[in-house]
Amino acid sequence: MSVALITGGSAGLGRALVTAFAARDWTVITDARRADRLVALRDVVGPRVITIPGDIADAEHRRTLIGEVEELSALDLLIHNASTLGPVPLRPLREVSERDLAHAWTVNAGAPAALSRALLPWLKKSDGVVISLSSDAAVEHYPTWGAYAAGKAALDHLTLTLGAEEGLDTYAVDPGDLRTEMHRAAFPGEDISDRPLPETAVPAFLEIVRRRPPSGRYRAAELSPLEV
């Protein structure tokens with residue numbers, strides 16, 4: 001039995017990843033803040049998905065996720081997908097409070113790093129894979145994106161440093177602009193229908209798990225498609 005934990009699995013790319021791995025006979029643990037969406041996900045995907053409502057920034061919720069892994073006694077793949085833009089509409093850094101900065105950094109970097117560290121025994125036992133969702137904002141400097149971008153840059157470094165220290169295959173993957181609720185929130189009032197659907201980025205993640213390239217930061221578009 002292959003087991004994956006994919007955070008933020010109720011919508012967008014997270015939902016697409018949960019669906020794809022469950023369809024390939026993985027047992028998938030996932031979470032989200034909205035319990036109703038998790039119920040809907042399970043109704044569609046089926047019993048291979050274990051859904052746990054909660055906020056990744058909450059330490060007690062993370063302990064519940066860890067407990068589920070302990071119960072299964074296995075973890076082959078950890079995907080840090082849950083994230084936040086910070087306060088919206090997006091605004092210059094001078095207008096972002098310390099509290100909002102701290103929350104954005106906890107969700108986007110601190111909480112995923114804490115979860116990775118806590119799950120090391122199972123990941124190392126299975127020679128598992130850790131993938132963190134990155135963004136071009138982690139390496140570029142876009143006005144009003146500072147809180148989100150700094151968190152993603154930190155997550156890149158934390159993920160790849162953990163791999164170097166622990167001998168795990170770790171990846172920071174930029175999926176590119178996708179047609180998601182988060183992207184819509186970042187561009188209120190704009191038509192984002194030209195962005196690709198989240199499902200178009202899934203093959204890159206499947207390819208990483210299949211091929212296990214060298215640890216590092218990748219754009220989804222750089223990864224070869226799955227062989228048919």
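Structure summary
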{"read-out": "Over the chain: helical MRE at 222 nm, DSSP H runs n ≥ 4 each giving -39500 (n - 2.57), nearest 500", "value": "-12500 deg cm²/dmol"}
{"read-out": "Size of electric dipole in the chain: Cβ of Lys, Arg +1 and of Asp, Glu -1, about Cα centre, debye, nearest 20", "value": "160 debye"}
{"read-out": "Accessible solvent surface per residue of the chain, calculated while the other protein chains remain in place, 1.4 angstrom probe, Å²", "value": "48 Å²"}
{"read-out": "Along the chain, longest interval not containing exposed GluC sites (Glu not before Pro), exposed being DSSP loop plus at most 12 other Cβ atoms within 10 Å", "value": "1-139"}
{"read-out": "Cβ-based charge dipole, the chain, positive-most Cα from HIS183, LEU90, HIS61", "value": "HIS61"}
{"read-out": "Inter-centroid distance (Cα atoms) of segment 112-133 relative to segment 1-63, Å", "value": "17 Å"}
{"read-out": "Of THR106, THR30, THR170, the one that fluctuates the most in a GNM where the chain has Cα springs shorter than 10 Å", "value": "THR106"}
{"read-out": "Total charge dipole magnitude, segment 128-196, about the Cα centre, Cβ charges on Lys, Arg, Asp, Glu only, Debye to nearest 20", "value": "160 debye"}
{"read-out": "Antiparallel DSSP beta bridges within the chain, as percent of all bridges there, nearest 5", "value": "0 percent"}
{"read-out": "Dipole of the chain [Lys/Arg +1, Asp/Glu -1 at C-beta], most positive-end residue of ILE52, LEU206, ALA164", "value": "ILE52"}
{"read-out": "Check: segment 71-174 dipole with +1 on Lys, Arg Cβ and -1 on Asp, Glu Cβ, in debye", "value": "280 debye"}
{"read-out": "Crossing angle, helix 59-72 versus the chain [Cα axis fit, 0-90 degrees, rounded to tens]", "value": "20 degrees"}
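The values are calculated or read from the model by the stated rules, or taken from the named source; none is laboratory data. Quick caveat: nothing in here was measured; it's all calculated off a predicted structure. No Cβ is skipped: glycine too gets one built from the backbone with ideal geometry, and neighbour counts run over all protein chains shown. In case anyone asks, the SASA skips ligands and DNA or RNA and just uses the protein heavy atoms, side chains included. Shrake-Rupley method; radii C 1.70, N 1.55, O 1.52, S 1.80 Å.
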